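In what follows, a structure is listed as structure tokens, so that the remarks can point back to it.
The values are calculated or read from the model by the stated rules, or taken from the named source; none is laboratory data. Note that the coordinates shown come from a computational prediction; the quantities given were computed from them, not determined experimentally. Here the Cβ positions follow ideal geometry from the backbone for every residue, glycine too, while neighbour counts run over all protein chains shown.
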Amino acid sequence: MSVHEHWLTQNRALAATSAFAIYATGLAIYTGGADQTWAVWAAVGYGVTALLILATKRTRIPLIVPLLVGLVGALAAPLFWLSTRVRPTAEVTVISQSATHLLHHGTPYFASGQLDSWLSYNPYMPLMAAFGIPHALGATGMFGDPRLWMTLVSVALIAAAFWFAAPHLTCRPCSRNVAVSTVFAASSPVIAYPLAVGITDPPVIALLLLTLALAARPGRRAMWAGVALGIASAMKATSWPAIPVFAALLATRDGIKAMWRFVGVAIILTVGISIAMAPAALSDPTSFLQNTILFPLGLTQHQTPAASPLPGHLLAMTGPTGHLAAVALLALAGLGFAVSLIVRPPADARGAALRLALGLSVMFTLAPATRWGYFVYPLGLIGWVALTGEGSASAESLQSSEGLTPAIAVAAGGSRTSAPQPVSPR
């Protein structure tokens, strides 16, 4: 395959968009509320996109044109409708009230005595409250809705991730591929669905993808990967398992010093941002613990309604003993995951993405309080591997095709690894 040829061919885009349309149609039939509203819009958007791809297969119309229709139908239209005409979802309410509490009290977390319902809890890290700051400052309508700002930040970060993952940083075919990948990813149910209904995972997923792109090859970008992951970790604890995964990758590929620089940057940034965003939380660590640790584990008086028939939740439903057993299994799984990183660390960024996807899948399966929606993380990571798998250039391929030496190719941003990337098995 040519270095500039994109994995997302018209046939693959048609198959994926058709699958998205089927999924959205099923969701529109069997759900209600904001989920159903998104599904109705998305089903139409995906359906029209599939028809346009089919109609333009033998024309010179670029693939991004029908994909933009899908982006409007699956993200822009339902986002506008839900943020201006429908009551805010629970996640939107929590972010908005945590931002207001942050401005008035210096912490996005209610004190223990104020936690009188499950909506009082803020299970996110302090930086997530930043998306509610416009509302806390008085913005109304769509501009006061955290979903708008989460969408803008997520799409921008996804575009940056694909840009840094491109074989060349200044190249028209690569720029076109970046645009196609960004639009496709943003319009997929993995990103568009949670953004439209206010689920907080997409900006964290986008930062994980940016971390993957920056850590794909040795050098200064690997340290910037620590910055991206530190920001993600200051938003949501679901990104924390990525720290040991990337640490194992860098220790194997770049050496112990590079690994410690990465870990140090990520941890210092996480702690620093969290303290800066929630200085008053330092005087009430119990509140922080109850909101961000105990509540997601289902160990507080008021428990999250997030539930899916997964093993961890089913075990927790059997009673206190079963709940503790689920937590213990989760801890054992985490220990086994850590051992696997020592015994067999990932060799490259693609391996790190797949290892992280596997680890998160196990964690979400065993968590006492869990939901199907958490699986957008492994799905997003696997999608990233597919979209960046083919067409990746190595120094050798650039040397043979463009007459550049490996050193010049690396300096130009052309190579991401020292060996050709394997074709994605997706």
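For residues that are modelled with pLDDT of 95 or more and more than 22 Å from the chain's Cα centre (by Cα), scanning just the stretch 67-96, find the one that is farthest from residue 158 (Cα to Cα).
81
So residue 132 clears everything in (1) in a helix (DSSP H, G or I); (2) within 30 Å of residue 294 (Cα to Cα); (3) of a type outside the set (D, E, K, R); (4) in contact (Cβ under 8 Å) with a residue 40 or more places away in the chain except one condition, right? Which one?
(4)
Does at least one position in the stretch 81-102 carry a residue that is among the acidic types (Asp, Glu) and touching a Leu at 6+ places or on another chain (Cβ under 7 Å)?
no
Out of the stretch 1-60, which residues are surrounded by fewer than 15 Cβ atoms within 10 Å (Cβ to Cβ) and not in a helix (DSSP H, G or I)?
1, 2, 5, 9, 31, 32, 57, 58, 59, 60
Residue 65 passes all but one of (1) touching a helix residue (DSSP H, G or I) at 6+ places or on another chain (Cβ under 8 Å); (2) of a type outside the set (D, E, K, R); (3) within 14 Å of residue 194 (Cα to Cα); which number fails?
Result: residue 65 fails condition (3) only.
Looking only at the stretch 98-110, which residues are in contact with a His (Cβ under 9 Å, 6 or more places away or on another chain) and closer than 24 Å to residue 299 by Cα?
Across the stretch 98-110, the qualifying residues are 107, 108, 109, 110.
Which of the following residues is on the phi > 0 side of the Ramachandran plot and touching a helix residue (DSSP H, G or I) at 6+ places or on another chain (Cβ under 9 Å): 73, 106?
None of the other options fit; the residue is 106.
Quick check: anything in the stretch 63-85 hydrophobic (A, V, I, L, M, F, W, C), assigned to a loop (DSSP other than H, G, I, E, B) and surrounded by fewer than 17 Cβ atoms within 10 Å (Cβ to Cβ)?
The answer is no; no qualifying residue exists.
Does residue 49 satisfy the criteria of being polar (S, T, N, Q) and either touching an Asp or Glu at 6+ places or on another chain (Cβ under 6 Å) or under 19 Å from residue 186 (Cα atoms) (or both)?
In short, yes.
Restricting to helices (runs of 4 or more DSSP H) lying wholly in the stretch 310-426: which have 1 or more residues that are of a type outside the set (Lys, Arg) and either within 24 Å of residue 203 (Cβ to Cβ) or at pLDDT 90 or above (or both)?
Answer list for the stretch 310-426: 320-343, 349-366, 376-387.
Restricting the first residue to the stretch 6-29 and requiring it to be over 16 Å from residue 65 (Cβ atoms) and of a type in the set (S, T, N, Q), which pairs with a second residue that is buried (at least 17 other Cβ atoms within 10 Å of the Cβ) and at pLDDT 95 or above meet a Cβ separation below 7 Å and a spacing of at least six or different chains?
Close Cβ pairs satisfying both conditions: 18/50; 25/43.
Restricted to the stretch 261-284, and to residues that are more than 29 Å from residue 341 (Cβ to Cβ) and either at pLDDT 90 or above or not charged (D, E, K, R) (or both), which residue is surrounded by the fewest Cβ atoms within 10 Å (Cβ to Cβ)?
283
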